[in-house]
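> So that we are looking at the same thing, I have put the structure below in structure tokens.
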Amino acid sequence: MAFDGRVLAGVGVLAAVVEGGSFVRAATLLGLTASGVSRAIGRLEARLHVRLLDRTTRAITLTDEGRRFYEEVRPHLAAMEEAAAAVSGSGGVVRGRLRVDVDPFFLPLVLAGRLGIFCDRHPDLAIEFVSSERLGDLVSDGIDLAIRFGEPRHTALVSRKLIEAPILTVAAPAYLARFGAPAHPSELSTHRCLQFVDPHSGRPYPWEFVKGRQKLPVETRGPLTFTNPQALLEECLAGTGVAQVIGWGVGQLLKEGRLVDLFPAWHGERFPLYALHPSKKHVPAKVRAFIDFCTEIAATL
């Protein structure tokens with residue numbers, strides 16, 4: 001098949017459908033009618049001799065062939081956008097729309113309250129945040145960037161470690177007054193411990209303590225298991241149980257005495273924070289800018 005302008009035009013429409021999630025939103029982005037968008041996709045599919053989208057009354061999703069095609073062409077679309085911006089003299093301007101799948105802990109406890117700084121720097125960029133329990137297919141979900149804790153498990157994505165966060169074991173004074181303070185991590189096996197679910201395995205994270213070269217796994221149990229880190233933290237503050245939390249975001253609570261760091265000598269365990277994105281060759285300026293901002297914020301914690 002010879003390449004022509006019709007293919008390029010169709011790819012632009014396909015990108016708008018994927019990012020917008022529907023023909024209607026794509027039509028709004030492109031200044032077309034929904035039927036015009038549908039016809040453009042149909043022409044592209046006929047030109048490629050493959051079905052790119054599965055259409056239902058509720059959703060539009062990429063087929064396997066459509067996903068592979070879009071993953072290949074999306075970086076080149078971003079590169080063309082940046083090239084056009086550079087030619088017009090605005091190559092350094094971050095603009096457009098950015099969809100970020102951000103860790104449900106990192107957004108409310110670290111980024112929230114600081115995002116105005118980023119908005120002031122890049123007034124032509126609009127950001128939409130989503131926080132899913134499990135990281136899906138970034139391309140089919142229309143996600144530009146994911147910020148996630150834990151080692152990456154998506155080998156098709158480009159990953160960049162931003163920083164490593166300490167893991168703290170904490171309890172509220174009300175809990176300690178009622179049940180007593182454990183003198184050693186091993187004593188937690190008899191305490192009420194709040195569990196947090198690993199979204200990959202579906203099971204609670206194991207508790208491990210690190211001091212120098214010493215590693216100590218501890219079997220813990222408790223009546224409550226969470227998938228939402230904010231809810232876990234609130235229950236810990238209420239005195240319900242002992243919790244393991246990422247050290248960021250609780251510093252003020254420790255200073256105010258609302259939480260107590262139970263084992264300050266056992267802070268050796270670290271939890272990495274990664275940025276993940278699908279582009280392999282050309283990373284959009286808006287993605288680079290937000291990754292740099294997250295790194296900048298995390299470094300101050």
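> Please report the relative contact order for segment 164-270, taking Cα pairs under 8 Å with a sequence separation of at least 6, and give it as a percent rounded to a whole number.
The value is 47 percent.
> Set the Förster radius R0 to 35 Å, insert the Cβ-Cβ distance between ARG97 and PHE149 as r into 1/(1 + (r/R0)^6), and round the FRET efficiency to 0.05.
Once the sixth-power term is evaluated, E becomes 0.90.
> Okay, next question. Please return the longest range in the chain lying between exposed loop sites, taking GluC sites (Glu not before Pro), DSSP loop only, at most 15 other beta-carbon atoms within 10 Å, and leaving the sites out.
Counting only loop sites that pass the neighbour cut-off, the longest clear stretch is 1-132.
> In terms of solvent-accessible area of protein heavy atoms at a 1.4 angstrom probe, what is the ranking of HIS76, HIS267, highest value first?
Putting HIS76, HIS267 in descending order of accessible area: HIS76, HIS267.
> Only one of the listed values, (i) 35, 60, 5; (ii) 29, 47, 22, 3; (iii) 33, 58, 9, 0, was derived from the coordinates as P(r) over Cα pairs in 20 Å bins from 0, in percent; which label is it?
Step by step, P(r) over Cα pairs in 20 Å bins from 0, in percent for this structure corresponds to label (ii).
> Roll a 1.4 Å probe over the protein chains and send me the accessible area per residue for the chain in Å².
52 Å²
> Sort THR28, THR240 by accessible area with a 1.4 Å probe, largest first.
Per-residue accessible area, sorted high to low, gives THR28, THR240.
> Measure off, as a whole percent, the carbon and sulfur share of the 1.4 Å-probe accessible area of the chain, all protein chains present.
53 percent
> Which pairs break 31 Å Cα to Cα here: LYS211/LYS255; LYS211/LYS286; LYS215/LYS255?
LYS211/LYS286
> Which ³J(HN,Hα) values in Hz, rounded to whole numbers, follow from the phi angles of segment 246-256 under the Karplus curve 6.51 cos²θ - 1.76 cosθ + 1.60, where θ = phi - 60° and Gly and Pro get x?
Each residue of segment 246-256 in turn: 5, x, 5, x, 10, x, 5, 5, 5, 4, 7 Hz.
> Could you pull out the trypsin sites (Lys or Arg not before Pro) across segment 208-301 that fall in loop regions by DSSP (anything but H, G, I, E, B) with no more than 15 other Cβ atoms inside 10 Å?
Taking segment 208-301 and a limit of 15 other Cβ atoms within 10 Å, the loop trypsin sites (Lys or Arg not before Pro) found are ARG213, ARG258, LYS280, LYS281.
> If you line up the long axis of helix 285-299 against the longest principal axis of the chain, both from Cα atoms, how many degrees apart are they, to the nearest 10?
For helix 285-299, the angle is close to 10 degrees.
> Using a 1.4 Å probe and ignoring any ligands, DNA or RNA, find the accessible area of LEU262 and quote it in Å² to the nearest 10.
30 Å²
> Work out the length of the dipole vector of the chain about its Cα centre, built from +1 on the beta-carbon of each Lys and Arg and -1 on the beta-carbon of each Asp and Glu, and round it to the nearest 20 debye.
320 debye
> For PHE226, which sequence-distant residues (separation of 5 or more, or a different chain) have an amide H within less than 5 Å of its own amide H, given hydrogens modelled in the peptide plane?
Residues meeting the criterion, in which the H sits 1.01 Å from N, are GLN195, PHE196, VAL197.
> Amide H of PHE263: which non-local residues (sequence gap of 5 or more, or other chain) have their own amide H closer than 5 Å, using H built in the peptide plane?
Counting only residues 5 or more places away or on other chains, the set is THR169.
> Let me ask something else. Around LEU162, which amide H atoms from residues at least 5 apart in sequence, or from another chain, sit under 5 Å from its own amide H, with H modelled in the peptide plane?
Counting only residues 5 or more places away or on other chains, the set is LEU273, TYR274, ALA275.
> Compute the angle between helix 5-20 and the longest alpha-carbon principal axis of the chain, please, reported from 0 to 90 degrees and rounded to the nearest 10.
Helix 5-20 and the main axis of the chain meet at about 30 degrees.
> By the gyration tensor of its Cα atoms, with a ≥ b ≥ c the square roots of the eigenvalues, what is the shape of segment 164-270: rounded for a/c under 1.5, prolate for a/b over b/c, or oblate?
rounded
> Further question on the same structure: Accessible surface of ASP64 in the full protein assembly, 1.4 angstrom probe, to the nearest 10 Å²?
100 Å²
> Can you give the relative contact order of the chain as a percent, counting alpha carbon pairs under 8 Å and 6+ residues apart?
22 percent
> Nearest 500 deg cm²/dmol is fine: what mean residue ellipticity at 222 nm does the chain get from its DSSP H runs of n ≥ 4 alone, each adding -39,500 (n - 2.57), divided by its residue count?
After summing the helix terms and dividing by the residues of the chain, the value is -11000 deg cm²/dmol.
> How high is the FRET efficiency from ASP120 to THR28, r the C-beta distance, R0 25 Å, rounded to 0.05?
E between ASP120 and THR28, to the nearest 0.05, is 0.35.
> May I ask which residue of ALA172, TYR274, PRO75 lies farthest towards the positive end of the charge dipole of the chain, with charges of +1 (Lys, Arg) and -1 (Asp, Glu) on Cβ and the Cα centre as origin?
PRO75
> Now a separate question. I'd like the accessible area for PHE23, computed on protein heavy atoms only with a 1.4 Å probe and all protein chains in place. Round to 10 Å², please.
30 Å²
The values are calculated or read from the model by the stated rules, or taken from the named source; none is laboratory data. The structure displayed is predicted, hence computed values, not measured ones. Reconstructed Cβ throughout: ideal geometry from the backbone, glycine too, with neighbour counts over all protein chains shown. Keep in mind that these areas ignore ligands, DNA and RNA; they rest on the heavy atoms of the full protein, side chains included. Shrake-Rupley method; radii C 1.70, N 1.55, O 1.52, S 1.80 Å.
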